[in-house]
Amino acid sequence: MSSPPKQEGSPPKQSLAVWKFASCDGCQLSLLDCEDELLLLGQRLEISYFLEASSATVAGPYDVSLVEGSITTPHDAERIQEVRRSSRALITIGACATTGGIQALRNFADVEEFASIVYASPEYVSTLDTSTPISAHVAVVPCLGPVTHAGCGAICPAYDRGCYGCYGPMEAPNTPALNARMAELGCEEVDLVRVYRTFHAGADSFRQASEAHERR
Ligand code: SF4
Ligand code: SF4
């Protein structure tokens, strides 16, 4: 994907890669639907690998990878390890990548029986018995669960989705410790600001956590 020429003296662009695993491509299409925002994104990021948008690719490593889809084949179980190794930060997008998607219905059934009914030559199908989220295979950037008020039963992490802190901050949240871990995993200052600026951006502890990173 082409991007505007680099401005004299401007900082180097971060590189972005978008990956597809078992999925319907809908999440990637949603990214492409952000037409105006994509132009802005192209000014700030080098879109290095995004086959849904362009066959032109740049070799990794990449600063940020967005991953669509679940792991359903032995080949993809290996490929996600390679994607993880080549990505400083890895973020899953959509239900398939975060919880295994509708294809996780196979986890409750006999895949061989399904394949024998659906395919004329099932012996050519190489598939796993399960559809699993990306976080079951590699480290994914953590969420706000460790600093969020209890009470929801941690329903989102139970379904392998990140907690966005909708219950608000816990009493005395240790945001510095969480931020340090997020930074280790590749979150930048701007990410740390954004993660606290959602449902409870004005709550004292979340406000202070975001402002501390905004000032750096
Ligand atoms: S989460 Fe999966 S099924 Fe839903 S739009 Fe994204 S790729 Fe398609
Ligand atoms: S986002 Fe809200 S509902 Fe989900 S785990 Fe966090 S606090 Fe609970």
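The values are calculated or read from the model by the stated rules, or taken from the named source; none is laboratory data. All values derive from a computational prediction rather than experimental measurement. Glycine also receives a Cβ, built like all others from the backbone with ideal geometry; neighbour counts cover every protein chain displayed. We work out accessible area using only protein heavy atoms, side chains counted, and drop any ligands, DNA or RNA first. Shrake-Rupley method; radii C 1.70, N 1.55, O 1.52, S 1.80 Å.
If N is the number of residues in region 14-136, what value comes out of its Cα radius of gyration divided by 2.2 N^0.38 Å?
Values: Rg = 15.9 Å, N = 123, 2.2 N^0.38 = 13.7 Å.
Cα Rg divided by the expected 2.2 N^0.38 Å: 1.16.
Nearest 5 is fine: what % of DSSP beta bridges in the chain come out antiparallel, could you say? Of those bridges, close to 15 percent are antiparallel. Normalised by the number of residues in the chain, the mean separation of alpha-carbon contacts (under 8 Å, six or more apart) gives a relative contact order of 16 percent.
Which FRET efficiency value, to the nearest 0.05, do you get for residue 171 and residue 139 by plugging their Cβ-Cβ distance into 1/(1 + (r/R0)^6) with R0 = 25 Å?
On the way: r = 28 Å, r/R0 = 1.14.
Computed FRET efficiency for residue 171 and residue 139: 0.30.
Using θ = phi - 60° in the Karplus curve 6.51 cos²θ - 1.76 cosθ + 1.60, the 3J(HN,Hα) couplings for region 118-130 round to 7, 9, 5, 10, x, 5, 8, 8, 10, 9, 7, 6, 10 Hz; x is entered for Gly and Pro. Going by a ≥ b ≥ c, the root eigenvalues of the Cα gyration tensor, does the chain fall in the rounded group (a/c under 1.5), the prolate group (a/b larger than b/c) or the oblate group? Verdict is oblate for the chain. The charge dipole of region 1-116, taken about its Cα centre with unit charges on the Cβ of Lys, Arg, Asp and Glu (plus for the first two, minus for the last two), comes to roughly 480 debye.
Each Lys and Arg Cβ is given +1 and each Asp and Glu Cβ -1; about its Cα centre, region 84-139 then shows a dipole of about 560 debye. When the surface is traced with a 1.4 Å probe over the full set of protein chains, residue 34 keeps roughly 50 Å² accessible. Under 17 Å from a label point set 7 Å out along the Cα-to-Cβ vector of residue 102, the amide N atoms of region 121-151 belong to 131-132. Under 5 Å from the amide H of residue 148 lie the amide H atoms of 170, each residue being 5 or more positions distant or on a separate chain, with H modelled from the backbone and absent for Pro and chain starts. For the Cα trace of region 84-131, dividing Rg by the Kirkwood Rh returns an Rg/Rh value of 1.12. Heavy-atom accessible area for residue 184, with the other protein chains in place and a 1.4 Å probe, reaches approximately 130 Å².
Here the chain has 57 percent of its accessible surface on carbon and sulfur atoms, given a 1.4 Å probe and all protein chains in place. Extension gain for residue 115-residue 207 works out to 27.9 nm (0.36 nm per residue, less the C-alpha to C-alpha distance).
Counting only Cα atoms, I'd like the Rg/Rh figure for region 145-214, Kirkwood definition for Rh.
On the way: Rg = 11.5 Å, Rh = 12.2 Å.
Radius of gyration over Kirkwood radius for region 145-214 works out to 0.94.
Surface analysis of the chain yields an accessible area of 59 Å² per residue, using protein heavy atoms and a 1.4 Å probe.
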